[in-house]
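The structure appears below as structure tokens.
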């Protein structure tokens with residue numbers, strides 16, 4: 001029986017608590033950081049063999065850090081404890097954590113312990129969080145599914161035959177399964193929002209430049225940003241308070257008064273919301289959203305209208321040169337990655353194919369693509385500005401089966417898959433059709449949130465989750481969280 005079960009009725013286990021409430025109990029000393037870490041490590045040990053959410057579990061270091069947190073709690077007043085005192089979380093296996101191997105999801109790299117913390121890990125550790133390990137990712141974070149050649153695939157807690165999405169798939173799966181209270185993700189083309197939507201949790205991608213970009217082998221288009229994956233708006237707001245420091249000088253700022261958690265319960269104004277199914281990918285990869293995606297959009301629209309917002313159809317015109325320009329920018333980093341020639345055969349087919357193409361492109365081609373994306377950002381943001389928020393489905397299809405993108409579906413239970421089919425272009429096309437409303441938000445540098453409004457079984461927690469995406473203007477992170485609160489998430 002946990003400490004919490006002894007002091008509360010009805011009995012509640014730690015993993016059932018919102019991160020905000022667990023944080024309060026940790027600060028009060030009702031639950032110790034050691035007890036919390038032990039509890040979640042035990043859940044990981046029990047459930048991870050089925051889920052594949054964690055690649056590495058750092059139990060010994062986590063318990064040492066939790067013991068240090070308990071010592072601090074015994075010495076200082078509650079108000080002097082760091083914001084996330086004692087809260088367990090984990091980092092994607094693209095993020096360097098000192099003393100822990102970062103695999104980048106690739107068998108082609110030497111797996112050596114990181115010499116230091118990445119800016120993201122350092123920031124959240126300083127805020128008092130306790131890292132329990134590293135979570136599953138696709139190779140170099142390139143894909144919308146978290147499957148690779150170094151560890152079992154990350155599976156969806158709502159249906160183990162389905163993928164948890166990517167690239168923050170292990171983190172989203174861990175949060176949805178209660179292996180973590182919440183987790184940081186990173187998003188360069190949908191990598192927070194896609195897995196959050198697939199796993200039925202909240203994913204918030206902040207706007208460009210608001211928080212540390214986190215991990216990237218190179219990001220010439222400035223696509224990647226870190227943000228929260230959480231089960232509630234309050235938990236997402238709490239992590240935002242840790243990720244975004246208050247301004248230190250007077251002047252204009254989008255930082256909410258008192259912080260994100262303090263502002264999140266304020267009633268948002270009545271908003272003009274544009275509803276769109278338009279995608280910059282549809283010219284290159286024509287697609288039709290599944291009925292469950294359309295049902296989720298209708299549920300989300302009905303909820304927003306019931307809350308008093310005015311919805312109207314939004315017709316967005318996207319530059320048809322976008323897919324080629326985005327793909328060029330997105331894959332530039334993998335072309336520059338330092339991989340020994342004799343180990344390139346260990347890369348997954350998609351990675352190997354796009355690495356070769358990136359290396360064959362001229363610097364002028366990359367520069368041309370970056371210039372086009374800057375123009376795309378200007379033109380698209382100007383169209384979005386006709387509304388306060390833009391509403392789309394989160395995904396065009398229900399969460400895909402494990403192995404579906406790579407064509408290894410029938411052998412996906414027998415990890416490792418020694419022979420992956422080499423259809424890189426088919427794989428990429430499937431991803432773009434699965435998540436056609438994600439990457440352009442990164443190119444525009446705008447905030448966006450996904451909310452799990454619909455379940456294929458008709459009842460929350462039954463069937464597969466399907467969600468909506470709300471895109472806002474720069475600085476609208478707190479507004480997006482307020483709308484999530486208003487809608488009951």
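Here are the numbers:
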quantity	calculated
Residue within segment 364-376 that is out of contact with any helix residue (DSSP H, G or I) (no Cβ under 9 Å at 6 or more places or on another chain), at negative phi, surrounded by fewer than 19 Cβ atoms within 10 Å (Cβ to Cβ) and at pLDDT below 95 present	no
Number of positions in segment 431-489 that are without any contact (Cβ under 8 Å) to a residue 40 or more places away in the chain and either surrounded by 24 or more Cβ atoms within 10 Å (Cβ to Cβ) or within 17 Å of the chain's Cα centre (by Cα) (or both)	0
Any chance residue 351 is assigned to a helix (DSSP H, G or I), over 29 Å from residue 152 (Cβ atoms) and either in contact with a helix residue (DSSP H, G or I) (Cβ under 9 Å, 6 or more places away or on another chain) or at pLDDT below 95 (or both)	no
Residue that is modelled with the lowest pLDDT, among those in segment 208-225 that are within 13 Å of residue 141 (Cα to Cα) and touching a helix residue (DSSP H, G or I) at 6+ places or on another chain (Cβ under 6 Å)	217
Count - residues of segment 226-275 that are touching a helix residue (DSSP H, G or I) at 6+ places or on another chain (Cβ under 6 Å), farther than 16 Å from residue 486 by Cα and assigned to a loop (DSSP other than H, G, I, E, B)	2
Selection within segment 125-145 - in a loop (DSSP other than H, G, I, E, B), more than 14 Å from the chain's Cα centre (by Cα) and touching a residue at least 60 places away in the same chain (Cβ under 8 Å)	127, 129
Residue match in segment 146-167 (condition: touching a residue at least 40 places away in the same chain (Cβ under 8 Å), on the phi > 0 side of the Ramachandran plot, in contact with a helix residue (DSSP H, G or I) (Cβ under 9 Å, 6 or more places away or on another chain) and assigned to a loop (DSSP other than H, G, I, E, B))	yes
Number of the condition not met by residue 220 [criteria: (1) surrounded by fewer than 24 Cβ atoms within 10 Å (Cβ to Cβ); (2) touching a strand residue (DSSP E or B) at 6+ places or on another chain (Cβ under 9 Å); (3) closer than 29 Å to residue 338 by Cα]	(2)
Cross-chain or 6+ apart pairs with Cβ under 6 Å, segment 333-358 first and farther than 23 Å from residue 429 by Cβ, then at pLDDT 95 or above	339/108; 343/108; 346/107; 346/108
Residue within segment 13-31 that is in contact with a helix residue (DSSP H, G or I) (Cβ under 9 Å, 6 or more places away or on another chain), over 27 Å from residue 233 (Cα atoms), without any contact (Cβ under 8 Å) to a residue 40 or more places away in the chain and buried (at least 16 other Cβ atoms within 10 Å of the Cβ) present	no
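So that you can scan it fast, the table gives a plain yes or no per residue for (1) assigned to a helix (DSSP H, G or I); (2) farther than 21 Å from residue 223 by Cβ; (3) touching a helix residue (DSSP H, G or I) at 6+ places or on another chain (Cβ under 7 Å):
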{"residue": "304", "(1), (2), (3)": "yes, yes, no"}
{"residue": "334", "(1), (2), (3)": "yes, no, yes"}
{"residue": "339", "(1), (2), (3)": "no, yes, no"}
{"residue": "344", "(1), (2), (3)": "yes, yes, yes"}
{"residue": "381", "(1), (2), (3)": "yes, no, yes"}
{"residue": "395", "(1), (2), (3)": "no, no, yes"}
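The values are calculated or read from the model by the stated rules, or taken from the named source; none is laboratory data. Since the structure is predicted, the reported quantities are computational estimates derived from the model, not experimental observations. When we count neighbours, we look across all protein chains shown, and the Cβ atoms used for this are built from the backbone with ideal geometry, even at glycine.
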